[in-house]
1. Could you run through the stretch 91-132 and say how many residues are over 18 Å from His334 (Cα atoms), polar (S, T, N, Q) and not in a loop (DSSP other than H, G, I, E, B)?
2. Look through Asp292, Asp296 and report the one residue that is among the acidic types (Asp, Glu), in contact with a Phe, Trp or Tyr (Cβ under 7 Å, 6 or more places away or on another chain), over 30 Å from Lys385 (Cβ atoms) and surrounded by 14 or more Cβ atoms within 10 Å (Cβ to Cβ).
3. When the residues of the stretch 224-238 are narrowed to those that are out of contact with any helix residue (DSSP H, G or I) (no Cβ under 7 Å at 6 or more places or on another chain) and not in a loop (DSSP other than H, G, I, E, B), which ends up modelled with the lowest pLDDT?
4. Taking the stretch 158-199, which residues are within 13 Å of the ligand (Cβ to nearest atom) and either surrounded by fewer than 22 Cβ atoms within 10 Å (Cβ to Cβ) or closer than 12 Å to Gln10 by Cβ (or both)?
5. Please note which helices (runs of 4 or more DSSP H) are completely contained in the stretch 276-386 and include at least 2 residues that are modelled with pLDDT of 95 or more and under 18 Å from Ser86 (Cβ atoms).
6. Checking Ala137 against (1) part of a loop (DSSP other than H, G, I, E, B); (2) within 16 Å of the ligand (Cβ to nearest atom), which single condition isn't satisfied?
7. Mind counting the residues in the stretch 156-195 that are in a loop (DSSP other than H, G, I, E, B), out of contact with any Phe, Trp or Tyr (no Cβ under 7 Å at 6 or more places or on another chain) and without any contact (Cβ under 8 Å) to a residue 60 or more places away in the chain?
8. For a quick check of your reading of the model, give me the residue pairs whose first member lies in the stretch 4-23 and is within 30 Å of Ile303 (Cβ to Cβ), whose second is among the charged types (D, E, K, R) and part of a loop (DSSP other than H, G, I, E, B), with beta-carbon atoms closer than 7 Å and at least 6 apart or on different chains.
Amino acid sequence: MAKSIPYARQNVTEGDIAAVVEVLNSDYLTQGPVVDQFENQVSLAIGAKYAIAVSSATAGLHLACLALGLDKGDYLWTSPITFVASANCGVYCGASVDFVDVDSKTLNICPKALGQKLKKAARDHTLPSVLVVVHMAGQSPDMQRIRALGEKYNFKIIEDASHAMGGYHCGSKVGICEYSDVAVFSFHPVKIVTAGEGGVITTNQSDICDRLKRLRSHGIERSDFVYHKVDNGAWYYEQLELGYNYRLSDIHAALGLSQLKRLKEIVLRRNAIRKIYDKLLANMPLATPVVDKKNDSSCHLYIIQLADENKRKAVFEYLRSNGILVNVHYIPVHLQPFYKARGFVNGDFPVAENYYKRAITLPLYPELTDEECIFIAEHLKKSLKI
Ligand SMILES: *Cc1c(COP(=O)(O)O)cnc(C)c1O
C-alpha cells in the first residue's frame, strides 16, 4: 500500500465544489445570504432555536464565554482531555482555568469528580462561573447530572461539541441545549462536516443570540433606531461594546451548507467503521472505545488504550512507518507548558494522565474502506508483538 492513510480526512464532493463556485460568482463573499441559510439549516438539523456562525469553534468558545459574562477573576473549568481551545477561551477573558478529571471509559468529565470538586470550591469560594463540557470523540457526558450541579452551584454550561455534530444524548440531538446555555461546533476539516474553517454556536436564548451576533462583528449594531428611536440614515452604525471580527464568509458557509446535507450519511458510515474495528480488535491487549447506553456517538475519533503503556511509542511508530498515520488525542491540557506555568503539575488529574499514556487514535473518516480497516488491524496486531 503506497498511499498513506491519514487519521482523518474531509469528504468533499463535486456538489460541494459547485456550491462554493456559485458563491464566488455571486455578489457576496464575506458574511451574506449563504451564512443566513447555513445558520437556518444548522438550527433545523440540531433543533436549537438559534445558530450563530463564526470563523472557528475557537472563536465560538471565546464569544460564548463573553456572552455568558465570564470576566477577570472568574473561574472556568473544563476537561483536561480536550483540545487546548476548550481551556484557552477562559484565559482570553481573563478568567482562571481549572480542570475536572475524566471518567476512564468515556473520557468525558466525571460527574462524581465534578461534584466533589464543586463541594470543595464552595468552601474555598472558588466556584466556577462557566463549565466547558467536551463531547470527547463524539459522545456526550452525563448532561442531566452536570446540569443539576450547575443549578445547585450556579454556573453556566458551554458544550464544546466540536466532535459531536450528528450525535444524540438520551434520544436528543447534541446541541439542542436542553441542559446547557450554548453549544459550540467546529467545521475544521478533520471534524464531522467541514466548511474549510468555521464554527457555529447554538442556543435557545434570544438575548444570548443577539449578544453573540454583535460580538462577532466588532460590537457594532446597525439597527440604531432600536436603541435611540431616531432615523439617522442608512449609513449609520454604532459600536456598543468591544467585539471582534469572528465572521464566517459566504464561501465557507457554502461548503458547510452543502456538507450538512450528508450529516446523517457521514455519521452512519463513521459508526459502521467503529463496529468493524470493534470486531477486528476484540482479542488484542487493548481497550476499544466505550459508548454509553445513553449516547449515539458521532464517532469523531476511534481511540484505543493499550494494556501496556510501555508499548505506546513503539506501536505508534510502527504504524506510522507503515503509512498508517495514527495520532494521539490529547496530551492533557494541564501538562502543556503554558498551563504548567500557571501552577499545574504531573499527578493533578491521574485518570486523564493514565489514559494519555496508553492512547492511540486510529484512522477514521467516511472514505476509509473496510479493507483499509483490516490492513490497519493486521499491522496493529503485529506491532503489539514487537
Ligand atoms: C477542533 C476542536 C476545537 C477547535 O476548533 P476550531 O474550529 O479549529 O477552532 C475546539 N475544541 C475541540 C474539542 C476540538 O476538537
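The values are calculated or read from the model by the stated rules, or taken from the named source; none is laboratory data. Just so it is clear, the model here is predicted, and its values are computed rather than measured. In this analysis, Cβ positions are derived from the backbone assuming ideal geometry, glycine residues included, and neighbour counts consider all displayed protein chains.
1. 1
2. Checking each option against the conditions leaves just Asp296.
3. The qualifying residue modelled with the lowest pLDDT is Phe225.
4. Listed by number, the residues that qualify are Phe187, His188, Pro189, Val190, Lys191, Ile192, Val193, Thr194, Ala195, Gly196, Glu197.
5. On the way: elements: 312-321, 337-340, 350-358, 370-384.
Answer list for the stretch 276-386: 337-340, 350-358.
6. Against the list (1) part of a loop (DSSP other than H, G, I, E, B); (2) within 16 Å of the ligand (Cβ to nearest atom), Ala137 comes up short only on (1).
7. Residues of the stretch 156-195 that are in a loop (DSSP other than H, G, I, E, B), as a first pass: 161-167, 170-171, 174-181, 187-195.
Adding the requirement that they be out of contact with any Phe, Trp or Tyr (no Cβ under 7 Å at 6 or more places or on another chain) leaves 163-164, 166-167, 170-171, 176-181, 187-192.
Remaining after also requiring without any contact (Cβ under 8 Å) to a residue 60 or more places away in the chain: 171, 178-180.
Qualifying residue count, the stretch 156-195: 4.
8. Arg9/Glu367; Asn11/Glu367
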